[in-house]
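What follows is one structure encoded as structure tokens, with my remarks underneath.
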Amino acid sequence: MKELQGLREVFGNDLIADNGRKLSRYAIDQVGDQSYARRPDAVVFPTHRDQVVALMQWANRNGIPVTPRGGGSGLAGAAIPAPGGVVCSFEKMNGIIEVDTGNLMVVVEPGVVTSHLDEVLKPHGLFFAGYPMSEDICCIGGNVAENAGGGRAIRYGTTAHYVLGAEVVTPTGRLLRLGGKRLKDVTGYNLLQLMIGSEGTLGLFTQLTIRVVPRPGARGVLFAAFPDSARASAAVTVLRRLTALSSLEFIDGQTARLTNAGLPRAQQTALPPRADAFLLVELEAASEADVAREMSAAAALIGESEGAVVDSGSDEEPMQRVWRLRKAVPWWTKRVAGSYHSLEDVVVPPARIPALVEFADQLRTRYATPIAVFGHAGDGNFHITPMKPEAMAPGQWSGTIDRLLRDLYGHVADLGGTISGEHGIGRKRTRYLSLVLSAEEIAVLQTVKRALDPNNVLNPGVVLPVV
Ligand SMILES: Cc1cc2nc3c(=O)[nH]c(=O)nc-3n(C[C@H](O)[C@H](O)[C@H](O)COP(=O)(O)OP(=O)(O)OC[C@H]3O[C@@H](n4cnc5c(N)ncnc54)[C@H](O)[C@@H]3O)c2cc1C
């Protein structure tokens, strides 16, 4: 690409264009279907905001699409480049600029890995509460661009609740400084919140100001087995009332057992063979004694819901054991089903969880397809994950999954839910947007996109289909 000469002048050695093996590493994120992979023509690694400004001005001059990228852990294909595109990887902008313990805020570059921020905050007794469960591989910029939600969103909310300020390079290459170290701000339209969750289509974050919170004094977990998913999902409604609740996760019985069996023996949890669903309940409070009291209350509610606690504790070991199992589930689906699975992210009003879980059971029968059901039950956010049956020819899968997803999404909409709670629309769900947004809403989204990105060069084809 002859236009690349202009970029070489800006990025020098921080540009790859002719090493196919290295470029391939930026062709896909963690979306299941590998057919989305598309190698970029070049990857640039900015170390300063001015380079990002120059990149977007170059992109507009030459009509070349740019895709921002953090850790590449996204599950919807939002970091996959457009044809003939350039990836802007923020991995070298990974500095923690300030830990402001007076204000309980941090100022960071977008490429900071989420778990690294946690390590830095730990000695200060603080943490970033909006983290997702991929914390070892995702970056703060990616979390903000996806408005990620984590295992503790039921208590703390999603990433958007913690972003107070952002330095943003617009698609046309202007620098905006939005918000700041302020806990309140009603000064004009809320452009900061517009940028959050925009999946790299409205701006590139080059610096972020994030609110952090005190770490709790103590935490405890209970892992409970239920005879069927109906009783487990009914228990979710009851357990959501616990004031100390910090996580409430669901795993269907078969998925929990198979994932558990795939872990090294020393890390496995003893699971009853006949349970059909499991709940992970995490509680937090100021002291060990308070947590112990809350755990007893939770255990009583689980018993009343016909569940049985099969693992529990407030020490590091039981906590790690049950969380390891929960976190291993998406990797297990990927390992067993490869390209032929679709990790979904639907969200419904919490009171409709039993109806959603029951519908997932119906889909298994209707499509004769294995479906893993797991996720952030406390938020009504389920990762319903259909996987190709072994006997089905690969060529049949794309038609089957399309019909199944339309069925699922239609039902979720009827329940008052939507098609993504935290993973976003990406490239994977653009064609389904009209199932949950009206033509008027989509037209407004397109107007916003055109106003900020008149040449459609920033992550085109993500969120909105290219028209
Ligand atoms: C095992 C596993 C568990 C997961 N668990 C969760 C979970 O609990 N909750 C959850 O919400 N998600 C989860 N995810 C999904 C994913 O990790 C999150 O969406 C994460 O926030 C993505 O961050 P990233 O740095 O990897 O972003 P990427 O995948 O690199 O990019 C995601 C989006 O952000 C944009 N982007 C990246 N950096 C910037 C920037 N600086 N400026 C503008 N746009 C940018 C990209 O263009 C893309 O649109 C999980 C994924 C995996 C694989």
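The values are calculated or read from the model by the stated rules, or taken from the named source; none is laboratory data. Bear in mind the structure is a predicted one, so any value in this text is a computation, not a measurement. Cβ: placed from backbone, ideal geometry, glycine included. Neighbour counts: every protein chain shown. Just so you know, the surface numbers come from the protein's heavy atoms only, side chains and all, with ligands and any DNA or RNA stripped out. Shrake-Rupley method; radii C 1.70, N 1.55, O 1.52, S 1.80 Å.
Does G20 fit the bill of being in the same structural domain as G72 (by TED's automatic domain parsing) and under 22 Å from R61 (Cβ atoms)?
It is false that G20 is in the same structural domain as G72 (by TED's automatic domain parsing) and under 22 Å from R61 (Cβ atoms).
Can you tell me which residue in the stretch 130-173 is most open to solvent (accessible area, probe 1.4 Å), limited to those that are farther than 14 Å from L191 by Cα and of a type in the set (V, I, T)?
I137
Tell me which strands (runs of 3 or more DSSP E) are completely within the stretch 135-240 and hold 2 or more residues being near the ligand (Cβ under 8 Å from one of its atoms) and touching a residue at least 60 places away in the same chain (Cβ under 8 Å), or say none if there are none.
Values: elements: 163-169, 175-179, 204-211, 218-226.
Result: 204-211.
Going through the stretch 1-29 one residue at a time, which ones are over 24 Å from P110 (Cα atoms), hydrophobic (A, V, I, L, M, F, W, C) and in a loop (DSSP other than H, G, I, E, B)? Before you say what the answer is, go through the steps one by one.
Kept after step one, since they are over 24 Å from P110 (Cα atoms), are these residues of the stretch 1-29: 1-6, 18-21.
So of that shortlist, the ones also hydrophobic (A, V, I, L, M, F, W, C) come out as 1, 4.
Across the stretch 1-29, the qualifying residue is only M1.
Working only within the stretch 404-417, note down all residues that are buried (at least 18 other Cβ atoms within 10 Å of the Cβ) and closer than 21 Å to D33 by Cβ.
Selection gives L404, L405, L408, Y409, V412.
In contact with a Leu (Cβ under 8 Å, 6 or more places away or on another chain), modelled with pLDDT of 95 or more, closer than 25 Å to R231 by Cβ and assigned to a helix (DSSP H, G or I): does that describe L408? Explain how you work it out, then say what you get.
On the way: in contact with a Leu (Cβ under 8 Å, 6 or more places away or on another chain): yes; modelled with pLDDT of 95 or more: yes; closer than 25 Å to R231 by Cβ: yes; assigned to a helix (DSSP H, G or I): yes.
The answer is yes for L408.
Kindly establish whether T259 is of a type outside the set (A, V, I, L, M, F, W, C), in contact with a helix residue (DSSP H, G or I) (Cβ under 6 Å, 6 or more places away or on another chain) and within 16 Å of the ligand (Cβ to nearest atom).
yes
Please determine whether any residue of the stretch 314-326 is touching a residue at least 24 places away in the same chain (Cβ under 8 Å), more than 30 Å from Q30 (Cα to Cα) and either away from the ligand (no atom under 16 Å from the Cβ) or not in a loop (DSSP other than H, G, I, E, B) (or both). Even if it seems obvious, please write down each step before you answer.
Looking only at the stretch 314-326, we keep the residues that are touching a residue at least 24 places away in the same chain (Cβ under 8 Å), and these are 314, 318-319, 321-326.
Of the ones still in play, those that are also more than 30 Å from Q30 (Cα to Cα) are 314.
Now drop any that are not either away from the ligand (no atom under 16 Å from the Cβ) or not in a loop (DSSP other than H, G, I, E, B) (or both), which leaves 314.
Yes; the residues of the stretch 314-326 include at least one that is touching a residue at least 24 places away in the same chain (Cβ under 8 Å), more than 30 Å from Q30 (Cα to Cα) and either away from the ligand (no atom under 16 Å from the Cβ) or not in a loop (DSSP other than H, G, I, E, B) (or both).
Restricting attention to the stretch 378-403, which residues are among the hydroxyl-bearing types (S, T, Y) and open to solvent by less than 20 Å² (accessible area, probe 1.4 Å)? Write out each step before concluding.
First, the residues of the stretch 378-403 that are among the hydroxyl-bearing types (S, T, Y): 385, 398, 400.
Result: T385, T400.
Looking for something within 16 Å of the ligand (Cβ to nearest atom), of a type in the set (D, E, K, R) and touching a residue at least 24 places away in the same chain (Cβ under 8 Å) - is there at least one such residue anywhere in the stretch 431-446?
No: the stretch 431-446 contains no residue that is within 16 Å of the ligand (Cβ to nearest atom), of a type in the set (D, E, K, R) and touching a residue at least 24 places away in the same chain (Cβ under 8 Å).
Search the stretch 106-132 for residues being in contact with a helix residue (DSSP H, G or I) (Cβ under 7 Å, 6 or more places away or on another chain) and more than 29 Å from V44 (Cβ to Cβ), and hand back the single one that is nearest to the ligand (Cβ to nearest atom).
Checked the stretch 106-132; the qualifying residue nearest to the ligand (Cβ to nearest atom) is A129.
For the stretch 1-15, how many residues are at pLDDT 95 or above and open to solvent by less than 60 Å² (accessible area, probe 1.4 Å)?
Selection size over the stretch 1-15: 6.
Mind checking which pairs have a first residue in the stretch 265-293 that is over 20 Å from L248 (Cβ atoms) and a second that is surrounded by fewer than 15 Cβ atoms within 10 Å (Cβ to Cβ) and small (G, A, S), Cβ under 6 Å, 6 or more apart or different chains?
A286/G217; S287/G217
Would you check if R352 is over 30 Å from P264 (Cβ atoms) and either at pLDDT below 95 or not assigned by TED's automatic domain parsing to the domain that holds G150 (or both)?
yes
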